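Below you'll find the structure, written out as structure tokens, and then a few comments.
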Amino acid sequence: MQQRIPFSTYAVIGTMLFGIFFGAGNLIFPIQLGQLAGTNFWSALIGFLVTTIGLPFMGILAIGLSGSTGLRDLASRVHPIFGITFSLALYLTIGPFFAIPRTASVPFVVGLQPFVNPAQAGLWLAIFSFLFFAIVYYFSLNPAKIVDYIGKYLTPAFLIFLFSLLIVVLLKPMGTFGNPIGDYKDFAFMTGFKEGYNTMDALGSLAFGIIVINAIKRKGITDTKAIANATWKSGVFAMGLMTVIYGLIAYTGASSVSVIGTPENGGLIFAAVAQHYFGPYGAILFAIIIVLACLKTSIGLITACGEFFHETFSKISYKTFVLILCLVSFIVANFGLNNIIQFSIPVLMFLYPLAIVLILLGLSSSLFANKKEVYKVSMFLTFFVSIIDGYHALANSIPGVSLSFFESIREFYLLYLPFYEIGLGWILPALIGAIIGLLWPTRQR
């Protein structure tokens, strides 16, 4: 008999899921999108929501409904070597190499750095990030408590402070929408779509899916159908909350240009908005919002990565991995936010097409009976597009990086591969790969 699950369970787990996802990037990217999109606000926002709401939700479902026990299990349907390699690359990206260090560097840069002597910024970053990761380390030691820490305490506190600002913005708008800037003039939807990559949420969803499933099991829910039911309902709750908040934050940015201008990044925009409404207390309010946002996300990421690495390398304890992850993240955070973002973009452009195709295959696996050839050929052809996307982003991020062979391939893609110029060149190869895999003769045993 399927277990009956009260709404409060969906709400708490959904709040936890929202808390893990919604970090500093989820605050600073949509507010800048709103400023740049201007009158093309809705098109840009919808594109942004596809990658920050649609794809992460499908990622959670792909883990929960495909019958896999986690990312490695799902990716191993391509090949066991791909399973471990892709999983390691993804967990290192959303973990100690990029996403976790960013949770410490962002609140420092946009919340605290304006108040310290520029000559001592490096020292204060080291002090702040050390204290930050000491707190994260303490709260990450017991993964069974993650629902309580994030779902019951940190996220509600974060939402109270955030809504205290957003409600004032709605009641007293700063101004009207301005003219779209840059690519938002003619390609608002696709620019918003690719901007959503920076949040890393679709990648994170493949890692967070197992946290949701484990949290559901800790609530005493063991029936397979009940777990799947709780997974998608908790996901709907979390993504619905994120949609509302993204819309409000993007609106805040779009309506602010005439009053505060166009600061360099989303963090400075948010800080200026808070100061406009609350004066000197706005800086304190924003600092609280950004620190809470990053703290809860960092705890979720450390927990997810710690559980994965412990499961993969079982001889090393979970607590040891938590310590290692915090130490490495502390070191990387002190390289500075600009360097973290600069080197993360090429990796994201490489991993995202592979992650999206894997999510889609996981969701539709019942249609082709989990036939491995579908996974293999589809991911194989997608790889040849994603590696060029990653190279192009690297060449743009780091001056002087150019390889004629890769440039020739990219020019070929631009000429002959549909949708490549708008960042969706992986669609046709993935589809062709799936069809070839379906037609591929299955070996008789």
Theoretical gain in end-to-end length, LEU438 to HIS276 [0.36 nm per residue, Cα-Cα removed]: 52.5 nm
If you wrap a convex hull around the alpha carbons of the range 1-132, what volume per residue comes out, as a whole number of Å³? 189
If we restrict to alpha carbons, what Rg and Dmax does the chain come to, in Å? 21.6, 73
Pairwise FRET efficiency - SER408 versus PHE313, Cβ, R0 = 51 Å, nearest 0.05: 0.80
Largest first and in whole Å, what are the equivalent-ellipsoid semi-axes of the range 69-154 based on the Cα gyration tensor, each being the root of 5 times an eigenvalue? 33, 19, 9
If I take every Cα pair under 8 Å that is 6 or more residues apart in the range 7-334, average their sequence separation and divide by the length, what percent do I get for the relative contact order? 43
For the range 198-330, the Rg and Dmax computed from alpha carbons only, in angstrom: 19.2, 58
Per-residue [θ]222 nm for the chain (sum of -39500 (n - 2.57) over DSSP H runs n ≥ 4, rounded to 500): -23500 deg cm²/dmol
Bins of 10 Å, beginning at zero and ending with the bin holding the largest distance: percent of Cα pairs per bin for the range 304-385, please. 15, 25, 33, 23, 3
Where N is the number of residues in the range 372-445, Cα Rg divided by 2.2 N^0.38 Å: 1.32
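Since every read-out is calculated from the coordinates, none of them should be taken as a lab result. Because the structure is predicted, anything quoted here is derived from the model rather than measured. Neighbour counts run over all protein chains shown; Cβ positions are idealised from the backbone, glycine included.
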